[in-house]
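The block underneath contains the structure these notes are about, expressed in structure tokens.
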Amino acid sequence: MAGQLLLGLSILVILHELGHFLAARAFGIKVEKFYLFFDAWGFKLFSFKIGDTEYGVGWLPLGGYVKISGMIDESMDTAQMALPPEPWEFRSKPAWQRLIVMLGGIIVNVIVGIVIFWLLTFKYGETYTPNDQLVNGVHPGIIGKEIGLQDGDKILALNGQKVIRFKELVSSKVLLGSPKLTISRDGKAIDLSVPETVLNSINEYGIQEFVAPRFVIKRIDSVVDQSINKPKSTSLFKKITSVFGKQKQEKIATPAFDAGFKKGDSVIAINNMPIRFRDQFTTEVEKAAGKVITIKVDRKGKIMDLSPKVATNGTIGVYFGSFELPTRYVNYGFVESFSVGTNEAYNTFSDNAKGIWKMITGKISARNIGSPIAIAKVYGSEFNWENFWRLTGLISMGLAFMNLLPIPALDGGHVVFLIIEMIKGRPLGDKFMERAQGVGFVILLSLMVFAFGNDILKLFGK
């Protein structure tokens, strides 16, 4: 996870700063430093100099920067700003040129995002589950049931538009759009509304508790013979130390193994209730946690009753194997892929804007803010090129949007100040810019601490 996160962010940070660098050099502005990661307090891993620019890698992996001569930025080089302006300095150039320099990194992030999605679409095409082939409808989780969905419902449309791909039901159209769902239940069309606060529930329970395809139950694929009974860690200290130290573990036989379940058994009923779907089996077993239940199975044509005592976690220790979804593949040509990729990049940028606006207006909780810890978890522990580049494309568009926010110390803050300067006809004072930069640093640091705090608490189930 850490390796993928570091590689993905390093690529995007270098390209973002390269956008500023190339724009500055195009207008004859001197760039003193180009760094991946911050060389805080003068410490760095290595550096070298080519021409007027020092290139290097710092030790603090919280981004990167280019130090542009004559600009009030994260370097806070007030001594340089006290000297008379030089023709190669940022402050000596027209406002429109400085505006392009400040937008350079954002523009590159957008281009990178589009190119990534374009090439991924061209190479891999699109594989999706056709919504009309889910003949058994859907199985709602906790969140889906809260909005009124029931087992077996067939979702037909979002805001009156036919649902073609099942993934639309777990996309930003639903999570950020607060749409009206049109469903078919017992042959009748019913409209349900998704609340604007649904993302808070997704953050609490997980996307798997919204809605999933409904599967017919299969034969038992395997029976677990033993489970590990771990002692509970109640304190935060014990939870942390348990990661590094060994705990006493007791292996016990699973309820299914004790009751005599075999691979290939077909479940027919639980406590005389007919069982046809996977969700029915899970629901009935979980309801009986800690109790003995009667499960009727078909074993090679012979009907028999087995009576396991359900574990306290609501399981008995059987696997039904993987459930295959119906899929459809679409192959796109090189030119056609560009349109699809650009649309995906635009939707990603738009989703970021919708999410921030919902947070500002109080529709979703700030607990949804995540740090690099959350990003690393999404990358996953196994390296997959398609997954890596798709997530890197998403992050590139996210960085473009975040850097456009009008917060001092971000590119968006500088853009706002330059637009004000162009309207007023004169630049804002150096003292004001220095104070604004300091305020921006405090805001960003606070957001970073809050985001890391969110993810650390989530690691411990808080």
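The values are calculated or read from the model by the stated rules, or taken from the named source; none is laboratory data. Keep in mind the model is a prediction, meaning the values are calculated, not measured. Counting neighbours? That spans all protein chains shown, and the Cβs are built from the backbone with ideal geometry, glycine included. For accessibility, only protein heavy atoms count, side chains too; no ligands or nucleic acids. Shrake-Rupley method; radii C 1.70, N 1.55, O 1.52, S 1.80 Å.
A compact table of results
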quantity	calculated
Shape of segment 1-54, Cα gyration tensor, a/c cut at 1.5	oblate
Distance between segment 158-195 and segment 378-411 - C-alpha centres, whole angstrom	28 Å
Tensor-based shape of segment 1-127 (alpha-carbon gyration tensor, a/c under 1.5 rounded, otherwise prolate or oblate)	oblate
Rounded accessible area of residue 316 (nearest 10 Å², 1.4 Å probe)	10 Å²
Nearest 10 degrees, 0 to 90: helix 385-404 Cα axis against the chain principal axis	50 degrees
Rounded, prolate or oblate (a/c below 1.5 giving rounded, otherwise prolate when a/b exceeds b/c) for segment 141-202 by Cα gyration tensor	oblate
Selection from 107, 9, 376 lying farthest towards where the dipole of the chain points positive, charges on Cβ	376
Student exercise, the chain dipole from Lys, Arg, Asp, Glu Cβ charges, in Debye to nearest 20	1320 debye
List 319, 128, ordered by accessible area with a 1.4 Å probe, largest first	319, 128
Spatial separation of Cα centroids for segment 299-359 and segment 81-142, in angstrom	26 Å
Nearest-ten-degree value, helix 411-424 long axis tilted from longest Cα axis of the chain	40 degrees
Quarter of Cα convex hull surface for segment 306-432, i.e. mean projection, nm²	16.2 nm²
Where GluC sites (Glu not before Pro) in DSSP loops with at most 11 other Cβ within 10 Å are excluded, longest remaining stretch of the chain	1-323
Lysine-lysine proximity count for segment 271-427, Cα under 18 Å, sequence distance 8 or more or distinct chains	5
Residue 373 accessible area, 1.4 Å probe, all protein chains in place, Å² to nearest 10	50 Å²
Solvent-accessible surface ranking, highest first, for 20, 139 at 1.4 angstrom	139, 20
Shape parameters for the chain, alpha-carbon atoms, Rg then Dmax in Å	28.0, 95
Mean ellipticity per residue at 222 nm, deg cm²/dmol - from DSSP H runs of n ≥ 4 across the chain, formula -39500 (n - 2.57)	-14000 deg cm²/dmol
Solvent exposure ordering (accessible area, 1.4 Å, most first) of 71, 402	402, 71
